[in-house]
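Q: Handing you a structure now.
The values are calculated or read from the model by the stated rules, or taken from the named source; none is laboratory data. Just so it is clear, the structure is predicted and the values come from calculations on it, not from any experiment. Please note: Cβ atoms are built from the backbone with ideal geometry, for glycine as well, and neighbour counts cover all protein chains shown. These area figures cover heavy atoms from the full protein model, side chains too; ligands, DNA and RNA do not enter into them. Shrake-Rupley method; radii C 1.70, N 1.55, O 1.52, S 1.80 Å.
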Amino acid sequence: MKCLTVFAVIVAIFGAIVGYGYLVFTDLTRPLPKPDYKDDTYWGRGDGKNYAPDEKIYDFVLDVPQAEIDDLRQQLNRTLKLAEPLDGIAFEYGFNAYALQQFVDYWRDKYLTKWDERQAYFNELKQYKTEIQGLNIHFIHERVEEEVAEKKQVVPLLLLHGWPGSVREFYDFIPMLRKETNISDYAFEVVAPSLVGFGWSDAATRPGFNAAEMATVMRNLMLRLGHKKFLVQGGDWGSIIGSNLATLYPDNVLGYHSNMCILSTPLSILKSIYINYYPEKVLITRMFYDHHVGIWDKYKQLIEESGYYHIQATKPDTIGAALDSSPVALAGYILEKFQTCTGPALNQDFGAMVTVYGLEAVLDNLMVYYLNSAATTAGRFYAENSAKAYRDLQLDRVQTPVPMGCARFRNDLPPASDWQLRDKFPNLKHSMYFQHGGHFAAMEMPSMLYNDFTTFVQKIGLNDE
């Protein structure tokens, strides 16, 4: 009798543990309801009590005073005090000092001597500013020409960049979207803003400006321009902001296309581990295995390459002060990210960035940060998205009915599979894997990104929305 009692107690304890574990698992993996979200928070200077928004749209033309270019050249002309790389080391310890010296020399002696040409290139796309929620927002706005609009269905598109990128990433991509092609039945009226705190857009003046707030400002910008419904495309932070926008404001989003398809929910992490060991049960072809298998090595690489994330998520003003005060430091910090993103076959090669992106494109992007002293304000975005207020929203666990398309480039961050994405995007319409390309797809492979995006739009069928 005593043995039966002991056995019953053991069974009861085991059952309680299993039951509790099931409840915890269910609580951590179930979809969450869409939160109510304030869509008019004031982020400008002062308390905003008497705020009267200026709804006008102003032309923007980049016109940097020559004195500012001369001052930059003088700063770059100072003797560099760089430690020599270790023997046999290329970029394993960070951006190579010899390579940095060469970039600085080219920046000073070649690039800046033709600044008028580079500035004219920046101004080839029509740009504007308008005030949204107390912040002056800079944006590219390229409309479709009349003869194209007569032949194609024109759809508004919000194009979102990330860090350490800028609107400069899209200068080869945007013209493709506007032109008449035989690939698509659509042409796109493109709006590509500088994110808040990036480029020529104002920065928030108080803590709390996270990806959900950024999504709100971007949505309100589109409403200001008269677009109640629009497509969204983004990578890096632009992907996360686009996901938040599709989640919080699904009635405004016709479709959301991402070239950085990641999910960080507990369920998604468990599924990624399962796929690592049993890919044949989830992935339809072995060609996709490299994107998902070897997850522990991929996580190890993420840890190795995410030191910048930790400092920007905790002390962005410290690193920002150093970068905003020194163009050479800014170059080393940002160029190292572009170098890493050239992919494992090239990222130890001294000519990788020239091969993959082109030297002028990389330096153009660097100038966006330098001219606006944006290292600090852009870096703060990491801190705001790591804060408890944003984490508590758990927007990755809130489903959205918005049609979603995913393009996975081989050398980008480890992506979510369709199996994972459907937990968040049950209306997943398009999924593609590329065996080449990386994090800055619009800059590196604009034609492939264009083809994938237009394929997604064809699949969702907009029917003159």
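Q: Of 323, 346, 393, which residue is hydrophobic (A, V, I, L, M, F, W, C) and in a helix (DSSP H, G or I)?
A: 323
Q: Cβ-Cβ below 7 Å, separation at least six or inter-chain, first residue in segment 392-416 and modelled with pLDDT of 95 or more and polar (S, T, N, Q), second assigned to a loop (DSSP other than H, G, I, E, B) and surrounded by 24 or more Cβ atoms within 10 Å (Cβ to Cβ): which pairs?
A: Hits for this filter: 400/425.
Q: Something else now. Being surrounded by 18 or more Cβ atoms within 10 Å (Cβ to Cβ), modelled with pLDDT of 95 or more, of a type outside the set (Phe, Trp, Tyr) and at negative phi is the requirement here; does residue 334 meet it?
A: Spelling it out, residue 334 is indeed surrounded by 18 or more Cβ atoms within 10 Å (Cβ to Cβ), modelled with pLDDT of 95 or more, of a type outside the set (Phe, Trp, Tyr) and at negative phi.
Q: Can you tell me which of (1) out of contact with any Gly (no Cβ under 7 Å at 6 or more places or on another chain); (2) buried (at least 21 other Cβ atoms within 10 Å of the Cβ) is the one residue 387 doesn't meet?
A: (2)
Q: Hey, residue 416 hits all of (1) surrounded by fewer than 24 Cβ atoms within 10 Å (Cβ to Cβ); (2) assigned to a loop (DSSP other than H, G, I, E, B); (3) among the aliphatic types (A, V, I, L, M); (4) touching a Ser or Thr at 6+ places or on another chain (Cβ under 8 Å) but one; which does it fall short on?
A: The single condition residue 416 does not satisfy is (1).
Q: With respect to the numbered conditions (1) under 27 Å from residue 301 (Cα atoms); (2) modelled with pLDDT of 95 or more, which one is the sole condition not fulfilled by residue 349?
A: (2)
Q: From the set of residues in segment 160-201 that are part of a strand (DSSP E or B) and modelled with pLDDT under 95, which is least open to solvent (accessible area, probe 1.4 Å)?
A: 187
Q: Hey, can you tell me all the residues within segment 118-153 that are of a type in the set (Val, Ile, Thr) and either over 28 Å from residue 215 (Cβ atoms) or without any contact (Cβ under 8 Å) to a residue 12 or more places away in the chain (or both)?
A: Correct list: 148 only.
Q: For segment 348-379, enumerate the residues that are surrounded by fewer than 21 Cβ atoms within 10 Å (Cβ to Cβ) and within 19 Å of residue 305 (Cα to Cα).
A: Hits for segment 348-379 are 348, 349, 350.
Q: For segment 52-103, which residues satisfy the criterion of being under 30 Å from residue 41 (Cα atoms) and open to solvent by 70 Å² or more (accessible area, probe 1.4 Å)?
A: Hits for segment 52-103 are 52, 55, 56, 57, 58, 59, 61.
Q: From the list 342, 314, pick out the single residue that is surrounded by fewer than 20 Cβ atoms within 10 Å (Cβ to Cβ) and within 23 Å of the chain's Cα centre (by Cα).
A: Checking each option against the conditions leaves just 314.
Q: Just one of (1) β-branched (Val, Ile, Thr); (2) at pLDDT 95 or above; (3) open to solvent by less than 20 Å² (accessible area, probe 1.4 Å) trips up residue 205, so point out which.
A: The failed condition is (3).
Q: Let me ask something additional. Can you say whether residue 157 is buried (at least 23 other Cβ atoms within 10 Å of the Cβ) and more than 19 Å from residue 331 (Cβ to Cβ), as far as the supplied structure shows?
A: Answer is yes for this residue.
Q: Another question, then. Exactly one of (1) under 26 Å from residue 341 (Cβ atoms); (2) under 28 Å from the mean Cα position of the chain (by Cα); (3) without any contact (Cβ under 8 Å) to a residue 60 or more places away in the chain is unmet by residue 104. Its number?
A: Unmet condition: (3).
Q: Anything in segment 32-45 that is in a loop (DSSP other than H, G, I, E, B) and either under 30 Å from residue 272 (Cβ atoms) or modelled with pLDDT under 90 (or both)? List them, or say none.
A: 33, 34, 35, 37
Q: Taking residue 130 as meeting all but one of (1) among the hydroxyl-bearing types (Ser, Thr, Tyr); (2) open to solvent by 60 Å² or more (accessible area, probe 1.4 Å); (3) farther than 30 Å from residue 349 by Cα, write down the number of the exception.
A: Evaluating residue 130 over (1) among the hydroxyl-bearing types (Ser, Thr, Tyr); (2) open to solvent by 60 Å² or more (accessible area, probe 1.4 Å); (3) farther than 30 Å from residue 349 by Cα leaves (2) as the failure.
Q: Being of a type in the set (Asp, Glu) and in contact with a Lys or Arg (Cβ under 8 Å, 6 or more places away or on another chain) is the filter here; which residues of segment 285-324 pass it?
A: Once the filter is applied, which keeps residues that are of a type in the set (Asp, Glu) and in contact with a Lys or Arg (Cβ under 8 Å, 6 or more places away or on another chain), segment 285-324 yields 290, 317.
Q: I'd like the full set of residues that are open to solvent by 20 Å² or more (accessible area, probe 1.4 Å), more than 23 Å from residue 247 (Cα to Cα) and aromatic (Phe, Trp, Tyr), limited to segment 419-465.
A: Of everything in segment 419-465, those that are open to solvent by 20 Å² or more (accessible area, probe 1.4 Å), more than 23 Å from residue 247 (Cα to Cα) and aromatic (Phe, Trp, Tyr) turn out to be 433, 434.
Q: Here's another thing I want to ask about it. Of all residues in segment 211-239, how many are open to solvent by 10 Å² or more (accessible area, probe 1.4 Å) and closer than 23 Å to residue 134 by Cβ?
A: Qualifying residue count, segment 211-239: 10.
Q: In this structure, is residue 29 modelled with pLDDT under 95, polar (S, T, N, Q) and open to solvent by 70 Å² or more (accessible area, probe 1.4 Å)?
A: Criteria not met by residue 29.
Q: Among the residues of segment 278-295, write down those that are in contact (Cβ under 8 Å) with a residue 40 or more places away in the chain and assigned to a helix (DSSP H, G or I).
A: 287, 288, 290, 291, 292, 295
Q: Now for a separate question. Of the conditions (1) more than 17 Å from the chain's Cα centre (by Cα); (2) under 19 Å from residue 282 (Cβ atoms); (3) not hydrophobic (A, V, I, L, M, F, W, C), residue 408 fails just one. Which one is it?
A: Residue 408 satisfies every listed condition except (1).
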